[in-house]
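The values are calculated or read from the model by the stated rules, or taken from the named source; none is laboratory data. This is a predicted model, so every value here is computed, not measured. A quick note on method: Cβ atoms are made from the backbone with ideal geometry, for glycine too, and the neighbour counts reach across all protein chains shown. The area values use the complete protein model at the heavy-atom level, side chains included, leaving out ligands, DNA and RNA. Shrake-Rupley method; radii C 1.70, N 1.55, O 1.52, S 1.80 Å.
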Amino acid sequence: MSPVFPMLTVLSMFYYMCLRRRARTATRGEMNSRRAIESNTRALPINVEIVQYAKEVLDFSSHYGSENSMSYTMWNLAGIPNVYPSSGDFTQTAVFRTYGTWWDHCPSARLPFKRTPPTFCSQDYVELAFEEPVYPTAVHILETYHPGAVVRILACSANPYSQNPPAEVRWEILWSEAPTKVNGPQARQFTPCIKQINFPTNLIRLEVNSSLLDYYTELDAVVLHGVKERPVLSLKTSMIDMNDIDEDEDEEKYVCGMDTLNKDFSIVTLREWPTNGYFDKLPYELIQLILSHLTVPDLCRLAQTCKLLYQHCCDPLQYIHLSLQPYWARINDTSLEYLQSRCTLIQWLNLSWTGNRGAISVSGFSRFLKVCGSELVRLELSCGHFLNETCLEVITEMCPNLQELNLSSCDKIPPQAFNHIAKVGSLKRLILYRTKVEQTALLSILNFCSELQHLSLGSCVMIEDYDLIASMMGAKCKKLRSLDLWRCKNITESGIAELASGCQLLEELDLGWCPTLQSSTGCFTNLARKLPNLQKLFLTANRSVCDTDIEELAANCAHLRQLDILGTRMVSPASLRKLLESCKDLSLLDVSFCSQIDNRVVLELNANFPNVFIKKSFTQ
């Protein structure tokens, strides 16, 4: 054979690799700007770029603000900027509920689910609707305080303003990255390079992770750039199928790769192999242990290799703990149906963020729990907008061993539906943050669920008399260890007295933004004296907290680790020194907007107590 042929083969391979590299670069979003595309690969036809701000905030997982206000709420993301380019803490911005790792180091912290893919690190999200569907060319996020929380940007094929919902809702990742630490809290315009997608969108989703931040991140506005006509690449790049070259893209593997998951679940026909390699010589338990480190999609792929591994991958013992939250964009009724036979022993189930826009039906959810609910101990359903009264009724009937139920931000559940929760007398943890639970239902729950240890009622605006609720807690919930009453509007010193007398095991108490509590009534000193096990106490935005309260905490709460007294005008540096000297375990002290605590005092305290994170926020 002539030596020219091998040389041609090598050159052909090199040329193919060059095209492959160029195409992969395009899929990562580096060719979505017409300015970045050279003349021989420019987008055709050239469209006029449309620039638009978010028209409406459709959905979100949490926010710092009140349900009846605009301050620090996600709704501030709609429209033009209110603050940018200014930096600082402003009420006109959108702020999520948590930051840092403090919430992972308090008594109410929950154990993480295993098998969470390393590329999924999202903690919160917000979905924004825009007026015109476009093919995105850029997304600008205006961050005004402690930037760096955004870890993923997605686009949806569904038009929220269309009268005809699509048969299939697709989500595509435009950009994704691990959390990063940004130097300094100053404002910035964040414009990551986004991927080109093949459908127009006017629904953008931001997912955030604030674990590396020193304070709450604040977002002011989101700007979507795009064109009406789909950009078509010229022949040199369009000859390569983009779908064939992004299989190794980590940031898309776990969300967009779930398109085939339903098919993987249902695989029953396997190749006949003469042997199973050496796997059939290993103990069954050892193979199970090895497979326990795989993610759910990887289990499904491995099940297609041989009958032995199919048997292992379908073993219900592999699904004792199952989190489907990382795959929220692809989970539907079909997914749950295929999982039923594998989840007969399931104890922990995370369906948070799943099922919205019709992906999971009430009947599909009910069928799954009727087969798989008998052993359930923990059920996470945060932001499950498909849930209704029938779903709660099925949960209480089919999950007799349930101990933990998370309904955070399930704001579509009607008020009367919460009465069913009272039937689950074994509950130890109940999260009702941002739900429509009413007083009658909550009183019934407290009366029959006396084993409760952790209860979240933050931003539950339909409860009329929190003093009555606190009195019932004190009488019935003697084992309560953590209580979240964030932004409850009407609790008084009477309710606090009943709570402190009856729930003396409390280790965590959030009374942030409770305006009816006044230090002059002695309510905070009473708390300090009656609750010596307190580790976390949030008195955020209570202007009346004074030196006497701080000194009582120093004298009685030696185990205190986190204290938030943001906004008080009555606390002096001297009382803070007493607190820091007495509470050796203290790790977080928020004195933002405390008028007597200036930056000089904070620097002095930081120097003398280096193990304590002392936060002083500012506004310019």
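Of all the residues that make up the stretch 90-116, how many are assigned to a loop (DSSP other than H, G, I, E, B) and open to solvent by 50 Å² or more (accessible area, probe 1.4 Å)? Working first, answer last.
Here is the first cut: in the stretch 90-116, the ones assigned to a loop (DSSP other than H, G, I, E, B) are 90-93, 96-101, 105-116.
In the following step, the residues that additionally are open to solvent by 50 Å² or more (accessible area, probe 1.4 Å) were identified as 91-92, 101, 105, 110-112, 114, 116.
Count: 9.
For the stretch 479-509, what are the residues that are open to solvent by 10 Å² or more (accessible area, probe 1.4 Å) and either under 27 Å from Cys410 (Cα atoms) or free of Cβ contacts under 8 Å to residues at least 12 places away in the same chain (or both)?
Lys479, Arg481, Asp484, Arg487, Lys489, Asn490, Glu507, Glu508, listed by residue number.
Taking the criterion of being open to solvent by 50 Å² or more (accessible area, probe 1.4 Å) and either of a type in the set (Ser, Thr, Tyr) or more than 19 Å from the chain's Cα centre (by Cα) (or both), would at least one residue in the stretch 315-330 satisfy it?
Narrowing the stretch 315-330 to residues open to solvent by 50 Å² or more (accessible area, probe 1.4 Å): 317, 321.
Those left that are additionally either of a type in the set (Ser, Thr, Tyr) or more than 19 Å from the chain's Cα centre (by Cα) (or both): 317.
Yes, the stretch 315-330 has at least one match.
Answer yes or no: is there a residue in the stretch 133-147 that is touching a Cys at 6+ places or on another chain (Cβ under 8 Å), touching a residue at least 60 places away in the same chain (Cβ under 8 Å) and among the acidic types (Asp, Glu). Spell out the reasoning first.
Restricting attention to the stretch 133-147, the residues satisfying the condition of being touching a Cys at 6+ places or on another chain (Cβ under 8 Å) are none.
Scanning the stretch 133-147, I find no residue that is touching a Cys at 6+ places or on another chain (Cβ under 8 Å), touching a residue at least 60 places away in the same chain (Cβ under 8 Å) and among the acidic types (Asp, Glu), so the answer is no.
In the stretch 590-604, what residues are surrounded by 15 or more Cβ atoms within 10 Å (Cβ to Cβ) and at negative phi?
Kept after step one, since they are surrounded by 15 or more Cβ atoms within 10 Å (Cβ to Cβ), are these residues of the stretch 590-604: 590-594, 596-597, 601-602.
Within the stretch 590-604, Asp590, Val591, Ser592, Cys594, Gln596, Ile597, Val601, Val602 meet the criteria.
Which of the numbered conditions does Leu483 fail, given that it passes all the others? Conditions: (1) out of contact with any strand residue (DSSP E or B) (no Cβ under 6 Å at 6 or more places or on another chain); (2) of a type in the set (A, V, I, L, M, F, W, C); (3) not in a loop (DSSP other than H, G, I, E, B).
The single condition Leu483 does not satisfy is (1).
Of all the strands (runs of 3 or more DSSP E) wholly in the stretch 146-223, which have at least 3 residues that are at pLDDT 95 or above and either touching a helix residue (DSSP H, G or I) at 6+ places or on another chain (Cβ under 7 Å) or more than 21 Å from Asn76 (Cα to Cα) (or both)? Write out each step before concluding.
Numbers: elements: 150-156, 171-176, 188-190, 201-208.
Correct list: 171-176.
Find all pairs meeting these conditions: Cβ atoms under 6 angstrom apart; at least six residues apart or on different chains; first residue within the stretch 531-552 and over 10 Å from Thr568 (Cβ atoms); second residue open to solvent by 30 Å² or more (accessible area, probe 1.4 Å) and in a loop (DSSP other than H, G, I, E, B).
Within 6 Å, the pairs are Asn533/Glu507; Gln535/Glu507; Gln535/His559; Gln535/Arg561.
Looking at the structure I just gave you, is His385 touching a residue at least 60 places away in the same chain (Cβ under 8 Å) and either surrounded by fewer than 20 Cβ atoms within 10 Å (Cβ to Cβ) or in a helix (DSSP H, G or I) (or both)? Explain how you work it out, then say what you get.
Details: touching a residue at least 60 places away in the same chain (Cβ under 8 Å): yes; either surrounded by fewer than 20 Cβ atoms within 10 Å (Cβ to Cβ) or in a helix (DSSP H, G or I) (or both): yes.
Spelling it out, His385 is indeed touching a residue at least 60 places away in the same chain (Cβ under 8 Å) and either surrounded by fewer than 20 Cβ atoms within 10 Å (Cβ to Cβ) or in a helix (DSSP H, G or I) (or both).
With the structure loaded, tell me whether Leu517 is assigned by the TED database to the domain that holds Leu588, open to solvent by less than 60 Å² (accessible area, probe 1.4 Å) and more than 24 Å from the chain's Cα centre (by Cα) or whether it fails that test. It would help to see each step written out before you state the result.
Values: assigned by the TED database to the domain that holds Leu588: yes; open to solvent by less than 60 Å² (accessible area, probe 1.4 Å): yes; more than 24 Å from the chain's Cα centre (by Cα): yes.
Yes: the conditions hold for Leu517.
Being polar (S, T, N, Q) and open to solvent by 30 Å² or more (accessible area, probe 1.4 Å) is the filter here; which residues of the stretch 183-210 pass it?
Looking only at the stretch 183-210, we keep the residues that are polar (S, T, N, Q), and these are 183, 186, 189, 191, 196, 198, 201-202, 209-210.
Those that are polar (S, T, N, Q) and open to solvent by 30 Å² or more (accessible area, probe 1.4 Å): Asn183, Gln186, Gln189, Thr191, Gln196, Asn198.
Go through the stretch 506-620 and tell me which strands (runs of 3 or more DSSP E), entirely inside it, have 2 or more residues that are under 21 Å from Asn490 (Cα atoms) and not polar (S, T, N, Q).
Qualifying strands (runs of 3 or more DSSP E): 508-510, 536-538.
If the requirement is being open to solvent by less than 10 Å² (accessible area, probe 1.4 Å), touching a residue at least 40 places away in the same chain (Cβ under 8 Å) and farther than 23 Å from Tyr466 by Cβ, which of these qualifies: Ser575, Ser587, Ser617?
Sole residue among the options that is open to solvent by less than 10 Å² (accessible area, probe 1.4 Å), touching a residue at least 40 places away in the same chain (Cβ under 8 Å) and farther than 23 Å from Tyr466 by Cβ: Ser617.
Does the stretch 117-130 contain any residue that is assigned by the TED database to the domain that holds Asn209, farther than 20 Å from Ser323 by Cα and open to solvent by 50 Å² or more (accessible area, probe 1.4 Å)?
Within the stretch 117-130, the subset assigned by the TED database to the domain that holds Asn209 is 117-130.
This time we only want the ones that are farther than 20 Å from Ser323 by Cα, so: 126-130.
Of the ones still in play, those that are also open to solvent by 50 Å² or more (accessible area, probe 1.4 Å) are none.
Scanning the stretch 117-130 turns up no residue that is assigned by the TED database to the domain that holds Asn209, farther than 20 Å from Ser323 by Cα and open to solvent by 50 Å² or more (accessible area, probe 1.4 Å).
Output the residues belonging to the stretch 71-89 that are modelled with pLDDT under 95 and either crowded, with 22+ Cβ neighbours inside 10 Å or of a type in the set (A, V, I, L, M, F, W, C) (or both).
Asp89
It is to be established whether one or more residues within the stretch 425-442 are more than 24 Å from Leu539 (Cα to Cα) and of a type in the set (A, V, I, L, M, F, W, C).
Yes: one or more hits.
Restricting to the stretch 326-382, name every residue that is of a type in the set (A, V, I, L, M) and more than 23 Å from Lys428 (Cα to Cα). Talk me through it step by step, then tell me what you get.
Restricting attention to the stretch 326-382, the residues satisfying the condition of being of a type in the set (A, V, I, L, M) are 329, 331, 336, 339, 345-346, 349, 351, 359-360, 362, 369, 371, 376-377, 379, 381.
The answer is Ala329, Ile331, Leu336, Leu339, Ala359, Ile360, Val362, Val371.
Could you list all residues from the stretch 593-614 that are touching a strand residue (DSSP E or B) at 6+ places or on another chain (Cβ under 7 Å) and over 21 Å from Leu539 (Cα atoms)? Reasoning before the result, please.
Applying the first criterion (touching a strand residue (DSSP E or B) at 6+ places or on another chain (Cβ under 7 Å)) to the stretch 593-614 yields 602, 605-606, 612-614.
If the condition is that a residue be touching a strand residue (DSSP E or B) at 6+ places or on another chain (Cβ under 7 Å) and over 21 Å from Leu539 (Cα atoms), then Asn606 is the only one that fits.
Looking only at residues in the stretch 448-475 that are assigned to a loop (DSSP other than H, G, I, E, B), aliphatic (A, V, I, L, M) and in contact with a Leu (Cβ under 9 Å, 6 or more places away or on another chain), which one is farthest from Ala500 (Cα to Cα)? Even if it seems obvious, please write down each step before you answer.
Here is the first cut: in the stretch 448-475, the residues assigned to a loop (DSSP other than H, G, I, E, B) are 449-453, 457-465.
Now drop any that are not aliphatic (A, V, I, L, M), which leaves 452, 457, 461-463.
Okay, now just the ones that are also in contact with a Leu (Cβ under 9 Å, 6 or more places away or on another chain), so 452, 457, 463.
On the way: Leu452: 16, Leu457: 17, Ile463: 20 Å.
In this case the residue turns out to be Ile463.
Any residue that is assigned to a loop (DSSP other than H, G, I, E, B), touching a strand residue (DSSP E or B) at 6+ places or on another chain (Cβ under 7 Å), charged (D, E, K, R) and open to solvent by 10 Å² or more (accessible area, probe 1.4 Å) - is there at least one of those in the stretch 429-443? Give the derivation first.
In the first step, residues of the stretch 429-443 are kept if they are assigned to a loop (DSSP other than H, G, I, E, B); the result is 432-438.
Now restrict to residues that are touching a strand residue (DSSP E or B) at 6+ places or on another chain (Cβ under 7 Å): 432-433.
Adding the requirement that they be charged (D, E, K, R) leaves none.
Checked the stretch 429-443: no residue is assigned to a loop (DSSP other than H, G, I, E, B), touching a strand residue (DSSP E or B) at 6+ places or on another chain (Cβ under 7 Å), charged (D, E, K, R) and open to solvent by 10 Å² or more (accessible area, probe 1.4 Å).
As an exercise: evaluate Met398 against (1) open to solvent by 10 Å² or more (accessible area, probe 1.4 Å); (2) on the phi > 0 side of the Ramachandran plot and give the number of the one condition it does not meet.
Every condition holds for Met398 apart from (2).
Under 6 Å by Cβ, and 6 or more places apart or on different chains, what pairs join a residue from the stretch 443-455 that is touching a residue at least 60 places away in the same chain (Cβ under 8 Å) with one that is of a type outside the set (Val, Ile, Thr) and open to solvent by 10 Å² or more (accessible area, probe 1.4 Å)?
His454/Ser108; His454/Arg429
Identify, from the list Glu380, Glu404, the residue that is in contact with a Lys or Arg (Cβ under 8 Å, 6 or more places away or on another chain) and closer than 29 Å to Glu207 by Cα.
On the way: Glu380 fails: in contact with a Lys or Arg (Cβ under 8 Å, 6 or more places away or on another chain).
Matching residue, one of Glu380, Glu404: Glu404.
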